[in-house]
1. So what's the convex hull volume per residue for the Cα atoms of the range A:18-89, in Å³?
2. Considering every residue in B:191-200, what mean count of other chain Cβ atoms within 10 Å of its Cβ is obtained?
3. Just want the answer: with Cβ charges of +1 for Lys and Arg and -1 for Asp and Glu, which residue in A:Leu97, A:Thr37, B:Ile89 is farthest toward the dipole's positive end in the protein assembly as shown?
4. When a/c reaches 1.5 or more, the comparison of a/b and b/c decides; with that in mind, is the range B:89-128 rounded, prolate or oblate per its Cα gyration tensor?
5. Lysines within cross-link reach of A:Lys79: Cα-Cα under 24 Å, excluding same-chain residues under 8 positions apart?
6. Contour minus end-to-end for B:Glu126 and B:Gln12, with contour as 0.36 nm per residue of separation and end-to-end as the Cα-Cα distance?
7. Could you give the radius of gyration (one decimal) and Dmax (whole number) of the Cα atoms in the range B:2-94, in Å?
8. Please label the shape of the range B:146-199 as rounded, prolate or oblate, based on the square roots a ≥ b ≥ c of the eigenvalues of the alpha-carbon gyration tensor (a/c under 1.5 means rounded; beyond that, a/b larger than b/c means prolate, else oblate).
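Every read-out reported here was derived from the displayed coordinates using simple, explicitly stated rules and does not represent laboratory data. Just so you know, these numbers come straight off a predicted model, no measurement behind them. All Cβ positions, even for glycine, are placed from backbone atoms using ideal geometry, and neighbour counts span all protein chains on display.
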Amino acid sequence: MTQTVLWLAQRVTAAILAVCVAVHLATIIYAVQGGLTAAEILGRTRGSTSWLVFYSVFVAAAAIHAPIGLRTVLGEWLKWRGIWREVFLVFFACALLWFGLQAVIGVFA
Amino acid sequence: MRVLVKRSSAVQEFEVPRHPSQTVLDVVTYIQRKLDPTLAYRYACRVGMCGSCAMTVNGVPRWTCRTHVDKVAHDDSLQIGPLKNLPVIRDLVTDMREFFNKWARAKGQFEGARTRHDDFEEISPETRNREAVDAGIECIGCAVCYSACDVVAANPAYLGPAALNRAWTLLNDVREKENSERLRAVAGDAGCHACHTHMDCTERCPKHLSPTAAIAGLKRATAKAALKGEL
């Protein structure tokens, strides 16, 4: 059951990330035309609820997706299985979410 | 031809004469009969039906009886070893117990609801379920896929392509009554979700089956069952 839920979560977040990464890259390519400054980026993101929602979803999807993949890497490469691996990954997911959302809020507020 | 055989003790070199249409099994048999009778290896049918003569030939798992030397020899030399991912009993003979224990763990036994007093179940060959069964049913349990699988090498508990392929054929058998239990058996930490879809099993299967497709089917089936709360 756990494996199936993790697999589903990774598949769903992968689909979300595919869209988010495409939009993110397209925006970068568009935005760097004619130079790029911090003021220009902040001018676009500050107070913009759309970018706030977009990057919050991006961060949340990454915070779910990455630890599930890392779980397999730790199990197969380092033979680290058992409860402490899961505890570590919960902390890792929380760290990704925390730092990611700090960055999102940083360019919004 | 120079033949390097990975034996239990060390790698041993032999000189074997080439013949037209010579198979790798012919080479191993020549070594055992003419050069070193202590060499241990396993075979039975010699015609690709029993699946017992699989070995690693030049790094690739193959049925030795159906592999012509002409097709695999590099610079007139061959390297022959036991199948990977299985314990070696001696020389080229591997212990297949864990391989078949995993079939049992994946609920590889058929359990129908009918008794001998009931009539035969009529199953049309055109139904989607039966087509899925047909696609995987010809497996003869030679363990070539298991030996080729990187995930088995990284995670020894992983059930492996053959056992999961077997579970998929039974899952699609409309006579089968234990399928919810089977789905639980293949949804664990060592089950279908551990597959990385490298497709080495499908690439190497001598019967040209696709365990990868079977495993993908199991992933979908377990996901559906989980969403319905049936897992």
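1. About 130 Å³ per residue, rounded to a whole number.
2. Neighbouring Cβ atoms belonging to other protein chains average 2 per residue here.
3. It is A:Leu97.
4. Working: a/c = 3.56, a/b = 2.49, b/c = 1.43.
Prolate.
5. Cross-link targets: B:Lys84, B:Lys102, B:Lys219.
6. Value of the extension gain: 35.8 nm.
7. 11.9, 34
8. It is prolate, given that a/c is not under 1.5 and a/b is the larger ratio.
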